[in-house]
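Student: Here it is, the structure in full.
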Amino acid sequence: MSSFPLISALTLLPFAGGIAVLLLGRAGRSAARLTAVVFAMASLALTLLLWRGFQPGLPGMQFQEWHAWAPALGLQYHVGLDGLSLLMLAVSSIVVLMSIAASWSNLKQGPAYFSLLLFLETGLFGTYTALNFLHWFLYWELSLIPAFFLIRIWGGSGRARAATQFFVYTMVGSITLLLAFLAIFLASGSFDFIELTQMAQTGQLASAIAQNLHWHQWDSGHITMVLFGGAFLGFAVKTPVVPFHGWLGSAYAEAAPETTMVLTGALSKMGVYGFLRILLPIFPEQMWRARTILLWLAVATIVLPALTAWAQTDLKRMFAYSSINHLGYCILGIVAVAGSTGADASFVSAKAAALTGVMLQMFSHGITAATLFWFLTLLERRSGGLLGLDDFGGLRRAMPVFSGLMGIALFASLGLPGLIGFPGEFLIFKGVFPLSWWAAALALIGLLMTAVFLLTVLQRVFSGPLRERWAGLQDLTLAERCMLAPGVALMFVVGLYPQLISGMLHGTVMQLVAQVRF
Amino acid sequence: MTGLSYLELLRLTAPEIIVALAGFLLLVLDLTFLRQAALAIRFRTAMVAACIACVLALVLLESGSAQGTLPAGMLVVNSLTQLVQMALLALAIFVLLWVDGARFTTHVGEYCALILFATTAMMLLVSTQNLLVIFITIEFLSLSLYILTGFDKDSPQSAEAALKYFLFGGMSAGILLFGMSLLYGISGSIALQPIAVAVNASPGDPLLTLAMVMVLVGFGFKIAAAPFHMWAPEVYQGAPTGSAALVASSSKVASFFALFLVFYLGLMGAAGSAAWGHYSAGWVPLIAILAALSMLWGNLAAIAQTSVRRVLAYSAIGHAGYMLIALVAHSRESLTALVYYVFTYALATVGAFGVLAALEGEKVDSIADFAGLGKRAPGLSFCLLIFLLSLAGIPPLAGFAGKFYVFVAALEIPNHFGLLWLVLLALVMSVVSFYYYLQILKQAYVSEPKPAAAAISVPVTTRIALWTTAALVVILGCLPDMLLNRISAAVTSAFQ
Amino acid sequence: MLAWTIYLSFLGAVAVTLTPAKSPAVARVTALLTALAGLGIAIVAIMHADQSGQVITIVRTPWISHLGIEYHLAADGISLILVLLTGIAAVAGILFSWNVERRVKDFFALYLVLIGAVYGVFLSFDLFLLFVFYEIVMIPKYFLIAIWGSTGREYAAMKLVLYSFAGSALVLAGIIAAYCVAGQRSVSFEVLARFPFPVHFQMWAFPMVFVGFAVLAGMWPFHTWAPTGHAAAPTAASMLLAGVVMKLGAYGCLRVAMMLFPRGLDPWGFRVLGFGSWQQVFAVLALIGIIYGATIALVQKDLKFVVGYSSVSHMGFVLLGLMTLNQIGLSGAVYQMFSHGIIAGLLFAVVGRMVYDRTHTRDLHELSRIPLGRLIPFAAVTFVLASMASIGLPGFSGFVAELQVLIGSWRSFPWMACIAGVGILIGIAFTWRALQATFLGEADTAASPQQAMPPITLPERLGACLLLASTIVLGLYPRFLMDLILPSLNSPLFEQLRRGAWR
């Protein structure tokens, strides 16, 4: 492994880019845009470099860097990545690049916008690579700020409310998460994820909690459950899991669609990542105890948003809710794996399948959702801001290329075999059925609903009679086609050859399966 | 009286004689040669002559004039009394220095001579341990002060103040004398030492209690402790500034010193205790009550005043309360503290009155008249700032060191922290006092001057006096050791 | 050399008064150079500080030998970082008062006297000397507010000064009592910190002195001077007031009350209203301060009051940290002193100088009608960053500080940590609200005439950058201070505290 601190470099690169954009932004918008693209490209290149150097068979973290930071606080500079992190880095860098490309000709978005986007990318990279809680939390929070301003400043008419809602929800979750980890630190003396995971597996963590935290004669099981609840809330809000999803609809809908691309494509993965990196390895027992509730929540996260999406008339809201629904599968997979850990330690292959599916789904949803919102961006710009489900009709005729490509993205989102969405969802269901058949069965309803509303979109927007006013709509320009092509191509590539992704995950998944035994 | 050597008497009282003679000389000079001269020249000459006399006396004291004791404690001159006398002379010089700008009277010679006479009386008062001499000098002092108070004949306020002062003073003198005669009756002596022996023999004598109360009431009037303070606000407000300053500063120094000596030397046997939970009857609880009342009444009433002089008067009552704490502690340490406190207090008070004297031409009386003083007379108001902050007890000014030392002395006595209640009360009241001092300073620095107000010019001598006083206040605050070590050494040598 | 921070400031004050009245620029530059020199000395001293926690004596000479009082200046790690804070706040304050036009010389002279006295408090190792400097602070503070302040300045200044004077009266009583009880004829920290005061004495001396200092630290219910004082003060003064002067109180609580009377924190042995020790009482008061300050800030209409109450809330964390009585809580409290000093300074700079001096209103409703974000974008960015620092986002110094306090209180009183967490949430809410109203407001550009605002000047930019850099550097590299704080807390001076109630 190279001794060059690749991960630190990767994290700092977009940050430097953000500052560069601010400085060069005085020269004009195009200079800023160019700088932003260069830095986003460089980040992607660096990610690919990491990808190449990554050794998929090995369990554990690679490219680790470790420096003392504030030892008294248990704070170390500890970064590293495994397959999951790498995958997330890839999604993030691709999605951010796509988003910058999408706002290529949006004149409202100046240097400040691009630099915030790059700052956000730093937050994402940091979150996916940091292995010390405090260090990780720093990025977790820092990614929130640019996201807030992106919504707040460049959003639609209801942006103030949407941004505030987004911020408040996330902040509450963050605080409970922080408090939970403070308590864990008090008990265990460590903030390091790897160490905590080991302690959790060996049972040290439980005994440390029993020993060091006494509140009003609660037994340690209850205390740990409360701590788990705090941490869970933090991630559940971010993902979001159903009762905590109130912020999402308006945030996604009010933000500029270019921004929503990043929110849904990259930011929403942070929550799922937290489930996989933190909750599952550190709180396996608690997740197992709470499995019934969690499974119901997962099912609700799949089914209810799908129903809600069906009822929407605004395309952005519709895709926003469909996004929750897609992440619901991830949660279902994780919860199902955790729900069968305690007594029955069998089903290794089912669990491996489910976890691989979850990660694939994270990747595919990132790409698909971002692409879909990109199409919405283009459509909104052409329609002059209209994005109602009933505003359109017969666009197939006016803009065939657009309709075709967006159709592909919609089908990918639907999980049509051969496209990117399929392998993930398939593996999840394959894994979940043996683990918890009733949840899988209920989740199938969600799958059906998704199909129904996505087909509705296809039908209402693209087929039917073309309205007068849309007759003159311009199809995708060559530049737009070129920009969209890689994304769509990726949908096919991964759909047909999922090993490209899942191959990287093998070591990580097997380790995780091994870890969630207690 | 046997064995009294007149030569000895002359040697011991040489400084007082210089001052007194200078007073007579001034009278003669003014009535004869300067009769026709312009008022300004008369004032200046009188001032210079009086100052020279005071400086001479000061030099004589400093260069180590004779020390010794006359029979029956009639005259006790030691380094401590000399130190106090020097302070009295210094205060007199400061007061005299402002005379240059004064225009309130044509009786220049009499005015300056009376200041010198009052100073002589005070010098004698501090260097005696004999009840009779104490009474006589107090009367001498009081008479001078009555006249000085009423000296501004054009001002009805001045006359009213003098009359009030005289009536209260006369009454208190009567009470004091009665008390002293009772003490004589108990002990058969008018010297403090035999009295102490008699008191030690029968501390519970009801007659003694009566005597103590009466002496205390008499002195209470002199030092303006509540509830015997009624004359003070009128005198401070009505008297000519110089007279008021004398009443407020040097007469305080002398009276407190004498009071301490009378009780410490003469009535120690009947002290009692005011310590919390260790109460026992005697004069200490009485004084503690006086102290508490003075602090409370003086500081709280000062808040309500609109006239600067009345504020100073009420604050003086409050300060009398703080100083009485030293008396409550009645130890050597507390005598050192008291002397230091009363010196620095007198300095700051003289300074504050000096500022008022410099503003005499402006007809400044109410606090509101001080508006914008910081702009009109920056130097003057800076001095005022120092004096008032010192009175409020803000470090690093002299007043703080004094307060600190008094409180330390009060808490250091046995019966751990019995006097804490008094110290806490004093601290609380010093917060209150800070408020009204700050009100004056606020006017001077924060408020804008009235539109018509012009810059104020101050006579050179006044300016010198003020800056010297201010410098002393600062220096004694920053380096209290300079004075404290001297006082402490003197106290030690005086009470071997 | 550190002693020169004090002397230079006082000399600078004299120099400022001697500058010609015609050219205020000379006075400004003199003041700035003086403050910079102080900051430079502080930085050099920190660079050379050894991290063994030793107390380094700077000057030690008999002063009032009659009472055994010494002129003793010395520094340990805690003093050093607070000196550094003072240096930074002083420079920033001068930069942000570059636009003072009225009585310029007086302003800077008083300002430098205040700074010098603050340095003095942090460097004094003799209780008497500390008290002297502590009191000197009050006078310039009063005049700075009363002369150059805004709404209700005279009332606010008087209130502030009377509160702090009342507090210091309690402190003085405690000092004298300690002097007399110890009977060592000394008030040196070294002597007193080693002297085993009787427990029953500590039981009443501790709360007295602690409350005396805590008044200045804004402890509920003695905090009411803080918001009015902050709101009325001119920008530089409120920066210093919140930034440094409130720290004097907290510093006194730690250095005097807790270091000298540690047994005062022991359990009483009985319970009154559920409280079993002074530790619990003050912890609860601190907690109330956190919640109360934040809640009141949430409903204020005046922007400066919002920041003022936020100071009360944040200082609550300092006091809570002190009362946790464990190493991490205490170091968090010290860290919070520094952090809050910087952040509060920054907030007041934006609110008082950048916004108020240009819009002449602090009313949130009126401000929301002015498109400030567009008119003065630099101020907007600064305020956003300052708000982020203020709500304790990771990456800023506030996070490191509040984190330690929370960990510390988890350890001592778990339920208080939870309530403090709620306090942080409310803190987010009010910061949020202020941010919404000022820089993110939906200004109706058509309705409000676009008054041209003077652009942000260079001194303002420099000051803001200095403060922002400080909070970010300390947020990202806490060891910079932690390596100074922790050894100091482990030094012999705190021996008794560690041995007593330490957990």
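No value in this document is a laboratory result; all are computed from the given coordinates. Quick caveat, the model's predicted, so the values are computed rather than measured. FYI the Cβ positions are ideal-geometry reconstructions off the backbone, even for glycines, and counts take in every protein chain you see.
Student: Cut-off is 10 Å between beta-carbons; in what order do B:375, C:304 appear when sorted fewest neighbours first?
Tutor: On the way: B:375 16, C:304 25.
Result, fewest neighbours first: B:375, C:304.
Student: Mind checking which of B:127, B:305, B:452 is farthest towards the positive end of chain B's charge dipole, using Cβ charges of +1 (Lys, Arg) and -1 (Asp, Glu) about the Cα centre?
Tutor: Positive-most Cα among the choices belongs to B:452.
Student: Moving to a separate point now. Out of A:176, A:309, A:226, whose Cα points farthest toward the positive end of the dipole of the stretch A:170-311 (charges: +1 Lys, Arg; -1 Asp, Glu; placed on Cβ)?
Tutor: Sorting the options by dipole projection puts first A:309.
Student: Figure the gain on full extension for residue B:37 and residue B:450 (residue separation times 0.36 nm, minus the Cα-Cα span) and round it to one decimal in nm.
Tutor: Stretched fully, the residue B:37-residue B:450 segment lengthens by 144.9 nm.
Student: For labels at residue A:514 and residue B:230 in the simple 7 Å Cα→Cβ model, what's the distance in nm?
Tutor: 10.1
Student: A further question on this structure: List every DSSP H helix in chain A whose Cα atoms extend 24 Å or more along the helix's own long axis and whose mean Kyte-Doolittle hydropathy is at least -1.0. Don't jump to the answer; show the numbers that get you there.
Tutor: On the way: long enough: A:6-24 (26 Å, 2.32); A:29-53 (36 Å, 1.16); A:83-102 (28 Å, 2.31); A:111-129 (27 Å, 0.94); A:159-188 (42 Å, 1.41); A:220-238 (27 Å, 1.27); A:291-311 (30 Å, 1.69); A:315-339 (35 Å, 1.02); A:348-383 (51 Å, 0.80); A:437-457 (30 Å, 2.18); A:478-496 (26 Å, 1.68); A:499-515 (25 Å, 0.82).
Within chain A the helices that satisfy the rule are A:6-24, A:29-53, A:83-102, A:111-129, A:159-188, A:220-238, A:291-311, A:315-339, A:348-383, A:437-457, A:478-496, A:499-515.
Student: Using only the Cα atoms of the stretch A:363-448, each taken as one equal point scatterer with no solvent, compute I(q) by the Debye sum, divide by I(0), and report log10 of the ratio at q = 0.11 Å⁻¹.
Tutor: Values, matching the q order: -0.41.
Student: Averaging the inverse of every distinct alpha carbon separation and then flipping it gives the Kirkwood radius. What is it for the stretch C:225-293, in angstrom units?
Tutor: Over the stretch C:225-293, the inverse of the mean reciprocal pair distance is 14.1 Å.
Student: How big is Rg to Rh over the stretch B:57-150, alpha-carbon atoms, Rh as the Kirkwood inverse-mean-distance radius?
Tutor: 1.02
Student: Another question, if that's okay. Share of Cα-Cα pairs in the stretch A:290-518 beyond 32 Å, in percent? Before the final figure, lay out the partial values.
Tutor: Working: 6215 of 26106 pairs.
Distances greater than 32 Å cover 24 percent of the Cα pairs.
Student: Tell me which of B:184, B:401, B:441 sits at the most positive position along the dipole axis of the protein assembly as shown, charges placed on C-beta atoms (Lys, Arg +1; Asp, Glu -1).
Tutor: B:441
Student: Hey, fewest Cβ within 10 Å first, where do A:482, B:383, C:180 land in order?
Tutor: A:482, C:180, B:383
Student: Any idea what the dipole of the stretch A:290-518 comes to, in debye rounded to 20, about its Cα centre with Lys/Arg Cβ at +1 and Asp/Glu Cβ at -1? If you can, show how the numbers build up before the last one.
Tutor: Working: 14 positive and 9 negative charges, 6 e Å.
Here the stretch A:290-518 has a charge dipole of around 20 debye.
Student: Looking at the stretch C:78-136, which trypsin sites (Lys or Arg not before Pro) are in a loop (DSSP not H, G, I, E or B) and have at most 11 other Cβ atoms within 10 Å? Let's see the in-between values first.
Tutor: Working: sites: C:102, C:103, C:105; in loops: C:102, C:103.
Those that pass, being in a loop and sparsely packed, are C:102.
Student: Turning to a different aspect of this structure: May I ask for the Kirkwood hydrodynamic radius of chain B, worked out over all distinct Cα pairs and given in angstroms to one decimal?
Tutor: Result for chain B stands at 22.6 Å.
Student: Let me ask something additional. Could you put B:180, C:47, B:171, C:258 in order, starting from the residue whose Cβ has the fewest other Cβ atoms within 10 Å?
Tutor: Going from least to most buried by this count: C:47, B:171, B:180, C:258.
Student: Counting other C-beta atoms within 10 Å, and keeping those with at most 14, which DSSP coil chymotrypsin sites (Phe, Trp or Tyr not before Pro) do you find in the stretch A:264-372? Provide the component values of the computation, followed by the final result.
Tutor: Numbers: sites: A:273, A:275, A:288, A:296, A:310, A:319, A:321, A:329, A:347, A:363; in loops: A:347.
Taking the stretch A:264-372 and a limit of 14 other Cβ atoms within 10 Å, no loop chymotrypsin sites (Phe, Trp or Tyr not before Pro) are found.
Student: Hand me the chymotrypsin sites (Phe, Trp or Tyr not before Pro) from the stretch A:108-215 located in a DSSP loop with no more than 15 other Cβ atoms within 10 Å, in residue order please.
Tutor: Sites meeting the loop and neighbour criteria: A:215.
Student: For the stretch B:273-490, what is the per residue volume of the convex hull drawn over the alpha-carbon atoms, in cubic angstrom? Mind showing how you got there, number by number?
Tutor: Details: hull volume 23.3 nm³, N = 218.
Per residue, the Cα convex hull of the stretch B:273-490 comes to 107 Å³.
Student: Let me ask something else about it. Based on DSSP H runs of at least 4 residues, each adding -39500 (n - 2.57), what is the mean residue ellipticity at 222 nm of chain A after dividing by all its residues, to the nearest 500 deg cm²/dmol?
Tutor: -24000 deg cm²/dmol
Student: Next question. For chain B, what relative contact order do you get, as a whole percent, if you take Cα pairs closer than 8 Å and at least 6 residues apart?
Tutor: Over chain B, the number comes to 15 percent.
Student: If eta is 1.306 mPa s and T is 10 °C, what Stokes-Einstein diffusion coefficient results for the stretch A:391-518, Kirkwood Rh from Cα pairs, in µm²/s?
Tutor: In µm²/s, the coefficient is 93.
Student: Once you wrap a convex hull around the alpha carbon atoms of the stretch B:172-266, what is its projected area averaged over all directions, in nm²?
Tutor: Numbers: hull surface 24.7 nm².
With every direction weighted equally, the projected area is 6.2 nm².
Student: Follow-up question, since we're still on this one. Taking each pair of different alpha-carbon atoms in the stretch C:3-499 once, compute 1/r for the pair, average those values, and report the inverse of that mean as the Kirkwood hydrodynamic radius in Å to one decimal.
Tutor: In the stretch C:3-499 this quantity evaluates to 22.4 Å.
Student: At 222 nm, what value in deg cm²/dmol follows for chain C if DSSP H runs of at least 4 each add -39500 (n - 2.57) and the sum is divided by all its residues, to the nearest 500?
Tutor: Numbers: 22 runs with 342 residues, N = 503.
The helix-only estimate for chain C comes to -22500 deg cm²/dmol at 222 nm.
Student: Okay, next question. Assuming a ≥ b ≥ c are the square roots of the Cα gyration tensor eigenvalues, decide whether chain A counts as rounded (a/c under 1.5), prolate (otherwise, with a/b larger than b/c) or oblate.
Tutor: It is prolate, given that a/c is not under 1.5 and a/b is the larger ratio.
Student: While we're on this one: What's the longest bit of chain A with no exposed trypsin sites (Lys or Arg not before Pro), using DSSP loop states and at most 16 other Cβ atoms within 10 Å as the test?
Tutor: Of all site-free stretches, the longest is A:109-466.
Student: For the stretch C:355-414, give the magnitude of the charge dipole about the Cα centre (Cβ charges: +1 Lys/Arg, -1 Asp/Glu; no others), in debye to the nearest 20.
Tutor: Working: 5 positive and 4 negative charges, 16 e Å.
Value, rounded to 20: 80 debye.
Student: Answer rounded, prolate or oblate for the stretch B:429-489, using the Cα gyration tensor with square roots of eigenvalues a ≥ b ≥ c: rounded when a/c is under 1.5, else prolate when a/b is larger than b/c, else oblate.
Tutor: oblate
Student: Also, I was wondering about something else. Given the Cα atoms of the stretch A:1-54, and with Rh set as the inverse mean 1/r over their pairs in the Kirkwood sense, what is Rg to Rh to two decimals?
Tutor: Reported Rg/Rh (Cα atoms, Kirkwood Rh): 1.09.
Student: Please tell me the relative contact order of chain A in percent, rounded to the nearest whole number, where contacts are Cα pairs under 8 Å and at least six residues apart. Write down the numbers at each step before the final one.
Tutor: On the way: 908 pairs, mean separation 82.7, N = 518.
After rounding, I find 16 percent.
Student: Right, another one. Taking the Cα atoms of the stretch C:17-110, report the difference between the largest and smallest coordinate on each principal axis, in whole Å and largest first.
Tutor: Here the Cα extents, ordered largest to smallest, are 47, 36, 14 Å.
Student: On to the next question. Scanning chain C for GluC sites (Glu not before Pro) in DSSP loops with at most 15 other Cβ atoms within 10 Å, what's the longest stretch left with none?
Tutor: Details: sites that count: C:101, C:442.
The segment C:102-441 is the longest one with no such site.
Student: State to the nearest 20 debye the size of the charge dipole of chain C about its Cα centre, where the only charges are +1 on K and R beta carbons and -1 on D and E beta carbons.
Tutor: It comes to approximately 180 debye.
Student: Between the helical axis of C:153-182 and the dominant principal axis of chain C, each derived from Cα atoms, what acute angle in degrees is found, rounded to the nearest 10?
Tutor: Long axis of C:153-182 versus the principal axis of chain C: about 10 degrees.
Student: May I pose another question? Which of the residue pairs B:164/B:222; B:450/C:141; A:108/A:269; C:22/C:105; B:403/C:247; B:252/B:403 have a Cα-Cα distance greater than 18 Å in the structure shown?
Tutor: Details: B:164/B:222 13 Å; B:450/C:141 25 Å; A:108/A:269 27 Å; C:22/C:105 10 Å; B:403/C:247 27 Å; B:252/B:403 16 Å.
Over 18 Å apart, Cα to Cα: B:450/C:141; A:108/A:269; B:403/C:247.
Student: I would also like to ask the following. Mind jotting down the three principal axis lengths of the stretch A:453-518 based on Cα atoms? Whole angstrom, largest first.
Tutor: Ordered largest first, the stretch A:453-518 gives principal extents of 64, 29, 17 Å.
Student: Please report the orientation-averaged projected area of the protein assembly as shown, defined via the convex hull of its C-alpha atoms, in nm².
Tutor: 59.9
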